[in-house]
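Below is one structure, written out as structure tokens; the observations come after it.
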Amino acid sequence: MPINTELYPEEETHHNQASDAYQKAKKALRDERISGFTGVFLALFMWGHMLFVSSILTGEQTFNFIADLFEHTWLAQITIILITIVFFVHFVTASRKIPRGLRDRKKIIKLGKSIKGSKNRWNQEITSDIRLRNHSETILWIWQVRSGMAILILGSIHLFIVGTDILQRSLGGAGITALESTGRVGSGLWLLYVALLICVEFHAGVGLYRFAVKWWIGKQLPLVGKVTRRKTHLVEQFILIFFIIIGIVTLAVLAGLIDPPLESLMADVLGNSI
Amino acid sequence: MGRTLTFKIFRYNPNKDNDSPQVESYQMEETQRLNVFTALNTLRETQASDLMFDFVCRAGICGSCGMMINGRPTLACRTLTSDLPETIELYPLPFFKLLGDLSVDTGIWFREMAEKVESWIHTQEEFDPQATEERMDNDIANKIYEAERCIECGCCLAGCATVQVYPDFLGAAGLNRIGRLMNDPRDQRGDQEWFELVSTESGVFGCIGMMACDDVCPKDLPLLEVFSYIRRKLSKIELSK
Amino acid sequence: MSKIITTDVLVIGAGLAGERAAIASASKGLNVIILSLVPPRRSHSSAAQGGMQASLGNSAKGKGDNPTIHWLDTVKGSDWGADQEVVRIFADNAPIAMREMAHYGVPWNRVEGGPRDVYIKGKKTTIVEDDEKEGLITARDFGGTAKWRTCYTADGTGHTVLYTMDNLVVQHGITVHDRMEAIRLIHHDGKCLGAVVRSLRDGEIMAYMSKSTVIATGGYGRIYGESTNAIINEGSGSWLALQTGVVPLANMEAVQFHPTGIVPTDILVTEGCRGDGGLLLDVDEYRFMPDYEPEKQELASRDVVSRRMKEHMLKGKGVQSPYGEHLWLDLRHLGEEHLKTKLREVYDICMHFIGVNPIKEFIPVRPTQHYSMGGIRVNKDGHAYNMEGLFALGEVSCWDLHGFNRLGGNSLAETVVAGMVVGEKIAKYASKASLVADVGLAEEFTKTEKDKIARLFNNRNGENVYKLRNEIASLLTTHVHIFRFGEGLEKAVDCLKNIVKRTENVQVKTKVLGMNPELSSALRLEGMAKQALLIAEGALRRTESRGAHSREDYPDRDDANWLSRTLARWPDPKEDPIFTYEPVGVLDLPPGDRGYGGGQQISIKETIEEYNANVDIVQKAEGRLDPSEPTGSRLPKERWKEVQ
Ligand SMILES: Cc1cc2nc3c(=O)[nH]c(=O)nc-3n(C[C@H](O)[C@H](O)[C@H](O)COP(=O)(O)OP(=O)(O)OC[C@H]3O[C@@H](n4cnc5c(N)ncnc54)[C@H](O)[C@@H]3O)c2cc1C
Ligand code: HEM
Ligand code: HEM
Ligand code: SF4
Ligand code: F3S
Ligand code: FES
């Protein structure tokens, strides 16, 4: 009567550490980790970066002061090398998911456009079970790829520009200064920056959302409680809007369209001491 | 009530010579509490005797009737026409092999998936007919059941852009099956075996988080939670080595 | 030439019964092929929610349970129509089967020690579970049982058990050919050699030749049209047996009706609704059950409630709708919380399938065909009468565990127990038998089927398949339903005889061989019509009321004349079927009162000993093959006296 379970002999279930399958599995995990963590790292860097660039809002002095501080301590030089590496590592690992063939890419786009009516449990009251809308997360991914490609180009240019700045400083030049930056931005590069800003913030926002969903959804965390799509989505949207607004205002200042709005505030605080 | 519904149905019979895919329209008076199951059967009995589609249980439990209804992969038997606009577009599920009209071959894919994930309890213990059963915590039993509820309808696969491009990817249903087995104390597969099985590009890292699976699953399975559980578990296994 | 595929064991049907039997053979090293109309996991077994009975006795309300009590409940439930020895085999093995399924992965709900609240007959009661039993398989309550005995996994028991079983099938590497329909048995000289099979993918007709052939195709509920059964349950398996002309179908008139199928989709809503206090109302929103059954009201047994509902509708108190007459089930007073937790499945079904919110609205219900007790008559080993090498098990068979009324939870259990026990016998038989791959014979049988298809295509101005099928369904629903009157039955028999003739003239409009739904229906139609006739005529001939078979003109159970099993054969397809009767089996528990359901009994004429002496002789004369063990060997008689 008992069912024979000996169909799967010992050898098959006994593996050693070095087996091919194990090594392959390890590599897959490593790739996923690298693409995820470099992405998150870049996103965190962008927050810090934004803090630095937006210091222009409080006036040129602060901007110059911080730039000088970083360059002086060689932090800027280290960072730009590190970031450039991370930037390309992320590009290489993350884009392993992008289908090579045009037909496949078209397939995804087609599906993204045609799948409708996700029930969208996480932000919908039960009015009706079926609500017809395009499936946003699939479409977001398509735009994530597109924005990533844009970042690759625009970001490289930007890295080259600021890189030369920093290099000049190391060779005894002026380095990054408010004057130089405003000059650049004002002379038309603002176009590049607006594009880069939107791409980066969008890409990072969606990336973080996806990252959180991939690794933490359903987990009980202190303060937040259970991680849900609804919560992560809300956080993502908040961050996205917040940084785009700051970025745009900063760009406007850099382009000389408006005066640094926080300059007087800064002056009050520091009591005109600078 | 009193609406006249227009069904636009994808028609193609691969077994018929010279048949080419097309969309045909049928009209029908809407009746009270009409669902797509009843509607399609009525159409077959009155207007299109050769219309192909699959229903078995017509109660939302066997998973036969997945199709694209106005662009959404879902179970036809539990879709009420009153929830839909007057024009109802029906397409077969993408991804699976088309057998004809609205009927696709899900059986083969799921059997292969079961073979790939070795979807049975791996145990060295022989069953002893005389012994009392092994004890199990009721909470664990409930947890296993939660994942076991998948009815293999294929909607999650039809909605997932990734699996359409990488057919080797086990998809949400496959990963869910693995999650179910990982949680089962009776399955004696060790960390390393799980690691090799699921820490791959056709396993959990094939998923890029499109999340459509979670949105369309008619059984409301917590698919994303299963994936993140698996990811964390793999990480833990790797770190502990 | 048609393709011929050979194997040791050919299992037709991939439900629980078929798969368990296939595993039994495969684990003996035999070559097995399973055929199924649909991928295995879509088989109707997956739709069973409630659970399966086995006397494990772990839950507090099941304390002291044992196979003998299970046996008693089942024999009484069958209204003494069951074969008591088979019931013993079943009750003995059910606990083993449950544990085996636990071993292979079914997440049975388990006992949680300590007190918990339950609803018993609508009242909240606290029961205390034994801490010692913590973690063992628990059970819930089902109708007609002395103990809580029904093992379950939430409300998806059939689903989890079938999935576990199918995993084993995959593990054993058993070949499954899905979307394949067996349409004819290949047999010669009282020996079954395989089956003619039609592919539902491309319409190819092939022959499968095997040492032993197993039919496990489930019920025939869909002949009734309105049924809780899956729409593939069209009786194509029992038709295979009937076509041979020698294998009898037994007790076809024993059909179970469930009181609460919802309208229009006929999906079952559980008995638990009424258990928790749900009420049945008529067109005037009047609660009628207390008028008929002052004692048990809505909670009388399945057949009784169904009967009363029908009676009330016949008085003109039904609610008219485009989908026919129905009554209301009112759950509103149970409250939102109760409905969304305890009766979640019911809530979901109502919301999704008919758009009715049971918190605010009535649910439209009517008694609906649910289960077929009868089927292919087999001996204790599952071996068909008169046909060597042919086995049958599960709902399609009449092993005769259920007699004239099946208890809830016994049929799912039957599938795995029979799969285990009968499966063993099948393997044994196949190991000894030799394969007769008679190409000529295969060709002859496949050709007949091909000709038949050609005829269906060529008929001019013939009958419409769907129309004819609906006519059969409506005849059965009108005249051979819960209540049966001689007059109505006679009318049904006449009409059905006529329909049987008309089936020959069916015309298939879609002339495609492939997956042609019209052709598939047309091919099943003759079988449906003929079986409908057997149901109607069996009911007409049986002039008594027993279990689910309820004759208004003969309200008493008549043990003097009808303590017997109907056997129907159809030797000549052009002539009428032949009806004979055999004793139900060796009696251990003498016929008595069931203790519910009402009705009078007319006592048996002879003594029990006289009756028993006759069993073997008559059954053998009817074509029963000798079971591999001597009759009665597993049966310690009169054990029931210890627990009475
Ligand atoms: C709604 C509902 C709820 C139920 N709930 C319970 C419950 O709670 N407890 C309980 O004990 N019982 C219950 N039952 C009864 C029980 O589910 C069935 O009796 C049992 O599942 C039958 O199993 P089976 O293996 O005999 O057949 P099935 O599971 O019906 O399988 C039949 C198989 O045969 C195949 N097949 C059919 N014809 C052919 C052919 N011609 N050629 C090839 N293959 C063919 C089909 O594809 C299928 O694979 C319920 C029934 C219904 C309708
Ligand atoms: C070089 C240009 C870039 C390209 C081509 C690119 C591409 C991608 C792609 C395709 C993904 C999806 C990977 C996946 O889903 O597994 C991704 C994810 C991500 N990217 Fe980028 N990216 C680029 C730059 C950046 C930058 C500059 C940032 C930070 C601001 C960033 C942050 C992220 C984050 C946080 C994720 C989520 C990682 C995950 O889900 O695991 N990316 N990127
Ligand atoms: C260490 C590396 C970096 C340094 C030192 C740096 C420095 C600067 C400076 C000085 C500016 C002001 C404009 C200018 O002078 O041209 C600026 C703006 C900007 N940088 Fe960078 N940057 C670095 C890396 C990056 C990276 C990796 C990205 C994204 C891919 C990025 C995106 C941007 C954007 C979007 C702006 C415009 C800001 C705004 O909208 O206000 N930077 N950066
Ligand atoms: S996971 Fe959900 S959508 Fe996917 S097959 Fe299972 S039930 Fe269907
Ligand atoms: S849609 Fe596909 S990519 Fe992952 S989250 Fe779901 S499996
Ligand atoms: S027919 Fe079974 S799920 Fe729809």
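The values are calculated or read from the model by the stated rules, or taken from the named source; none is laboratory data. Small disclaimer: the values here were computed from a predicted structure and weren't measured. Every residue, glycine as well, gets a Cβ built from its backbone with ideal geometry; the counts of neighbours run over all protein chains shown. For accessibility, only protein heavy atoms count, side chains too; no ligands or nucleic acids. Shrake-Rupley method; radii C 1.70, N 1.55, O 1.52, S 1.80 Å.
Show me the GluC sites (Glu not before Pro) within region C:536-612 that DSSP assigns to loop and that have at most 10 other Cβ atoms within 10 Å of their Cβ.
Within region C:536-612, the qualifying GluC sites (Glu not before Pro) (loop, at most 10 other Cβ atoms within 10 Å) are C:Glu575.
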Accessible-area loss of at least 50 Å² (1.4 Å probe, chain alone to full protein assembly) applies in region B:189-209 to B:Gln192, B:Glu193, B:Phe195, B:Glu196, B:Glu201, B:Phe205, B:Ile208
Each residue of region B:5-18 in turn: what ³J(HN,Hα) in whole Hz from Karplus with 6.51, -1.76, 1.60 and θ = phi - 60°, glycine and Pro shown as x?
8, 10, 9, 9, 10, 5, 10, 6, 10, x, 7, 9, 5, 6
Under a cut-off of 18 Å between alpha-carbon atoms, report the aspartates and glutamates in cross-link reach of C:Lys63, not counting same-chain residues fewer than 8 places apart.
B:Glu133, C:Asp73, C:Asp92, C:Glu112, C:Asp117, C:Glu129, C:Asp130, C:Asp131, C:Glu132, C:Glu134, C:Asp141, C:Glu642
Highest first, please rank the peptides C:286-295, B:5-14, C:7-16 by the mean number of other Cβ atoms sitting within 10 Å of their residues.
C:7-16, B:5-14, C:286-295
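Of all accessible surface on chain C at a 1.4 Å probe, what whole percent is carbon and sulfur? Before the final figure, lay out each step's value.
On the way: 10080 of 20920 Å².
Accessible surface attributable to carbon and sulfur in chain C totals 48 percent.
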Just checking the output field for B:143-152: average partner chain Cβ neighbours within 10 Å of each residue's Cβ?
5
Solvent-accessible area buried by pairing B with A, both sides, nearest 100 square angstrom, 1.4 angstrom probe:
4800
Is there a simple number for the mean count of other chain Cβ atoms within 10 Å of the Cβ of residues in C:161-171, and what is it?
5
Among C:25-38, B:131-144, how do they line up from the highest to the lowest mean number of other beta-carbon atoms within 10 Å?
C:25-38, B:131-144
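After finding the eigenvalues of the alpha carbon gyration tensor for region B:152-228, what semi-axes result from the square roots of 5 times each, listed largest first in whole Å?
21, 15, 9
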For region C:342-381, which residues drop by 40 square angstrom or more in accessible area between the chain on its own and all protein chains together (1.4 Å probe)?
C:His352, C:Phe353
Out of the chymotrypsin sites (Phe, Trp or Tyr not before Pro) in region A:28-110, which ones are loop residues according to DSSP with at most 16 other C-beta atoms within 10 Å?
A:Trp74
Can you list the lysines whose alpha carbon is less than 18 Å from that of C:Lys641, not counting same-chain residues fewer than 8 positions off?
C:Lys76, C:Lys147
Taking the alpha-carbon centre of each part, the distance from region C:508-524 to region A:72-97 in Å is 65
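How big a patch of accessible area, both sides summed and in Å² to the nearest 100, lies buried between B and C at a 1.4 Å probe? List each step's numbers first, then the result.
Numbers: alone 13650 and 24310 Å², together 31890 Å².
Heavy-atom accessible area buried at this interface is about 6100 Å².
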Hey, what D do you get for region B:93-241 in µm²/s if you plug the Kirkwood alpha-carbon radius into Stokes-Einstein at 4 °C and 1.567 mPa s?
79
Charges at C-beta only: +1 for Lys and Arg, -1 for Asp and Glu. How large is the resulting dipole of region C:368-479 about its Cα centre, in Debye rounded to 20?
180
Isotropic mean projected area of the C-alpha convex hull, the protein assembly as shown (nm²):
51.4
With a 1.4 Å probe and all protein chains kept in place, how much accessible area does B:Met28 have, in Å² rounded to the nearest 10?
20
For region C:397-530: lysine pairs under 17 Å (alpha-carbon distance), excluding those fewer than 8 apart on one chain:
14
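Please compute the volume of the convex hull spanned by the alpha-carbon atoms of region C:90-162 and report it per residue in Å³.
In region C:90-162, the Cα hull volume divided by residue count equals 113 Å³.
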20 Å binning of all Cα-Cα separations within chain C, expressed as whole percents from 0 upward
20, 56, 24, 1
Nearest 20 debye, what's the magnitude of the dipole of the protein assembly as shown about its Cα centre given +1 on Lys and Arg Cβ and -1 on Asp and Glu Cβ?
2120
Alpha carbon centroid spacing (whole Å) that separates region C:202-269 from region C:130-170:
25
Folded to 0 to 90 degrees: helix B:223-240 orientation relative to chain B principal axis, Cα
20
Would you calculate, for the protein assembly as shown, the mean residue ellipticity at 222 nm contributed by helices, counting each DSSP H stretch of 4 or more residues as -39,500 (n - 2.57) and dividing by all residues, to the nearest 500?
-13500 deg cm²/dmol
Highest to lowest packing among A:150-160, C:562-572, scored as the average C-beta count within 10 Å:
C:562-572, A:150-160
Which percent of the accessible area of region B:4-104 is formed by carbon and sulfur heavy atoms (probe 1.4 angstrom)?
42
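Restricting attention to region A:52-110, which trypsin sites (Lys or Arg not before Pro) occupy a DSSP loop and are surrounded by at most 13 other Cβ atoms within 10 Å?
Working: sites: A:Arg96, A:Lys97, A:Arg100, A:Arg103, A:Arg105, A:Lys106, A:Lys107, A:Lys110; in loops: A:Arg100.
Of the trypsin sites (Lys or Arg not before Pro), the ones in loops of region A:52-110 whose Cβ has at most 13 other Cβ atoms within 10 Å are A:Arg100.
Just checking the output field for C:21-28: average partner chain Cβ neighbours within 10 Å of each residue's Cβ? Walk me through the numbers on the way to the answer.
Working: counts 0, 0, 2, 2, 0, 3, 7, 1.
That works out to 2 on average.
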Provide, for q = 0.10, 0.12, 0.14 Å⁻¹, the log10 of I(q)/I(0) from a solvent-free Debye sum over equal Cα point scatterers in region C:493-644.
-0.56, -0.74, -0.90
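Filter A:Lys107/B:Lys233; B:Lys116/B:Lys233; B:Lys97/C:Lys3 down to the pairs with a C-alpha to C-alpha distance above 26 Å, please.
Working: A:Lys107/B:Lys233 32 Å; B:Lys116/B:Lys233 20 Å; B:Lys97/C:Lys3 24 Å.
Result: A:Lys107/B:Lys233 exceed 26 Å.
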Over 10 Å intervals from 0, what percent of Cα-Cα pairs in region A:54-111 sits in each interval?
19, 24, 22, 16, 18, 2
So if I place +1 on the C-beta of Lys and Arg and -1 on the C-beta of Asp and Glu, and nothing else carries charge, what would the dipole magnitude of region B:4-104 be about its Cα centre? I want it in debye, nearest 20.
320
Result for the protein assembly as shown: accessible area per residue, probe 1.4 angstrom, in square angstrom, of 38
Projected area, mean over directions - region B:4-104, Cα convex hull, nm²:
6.2
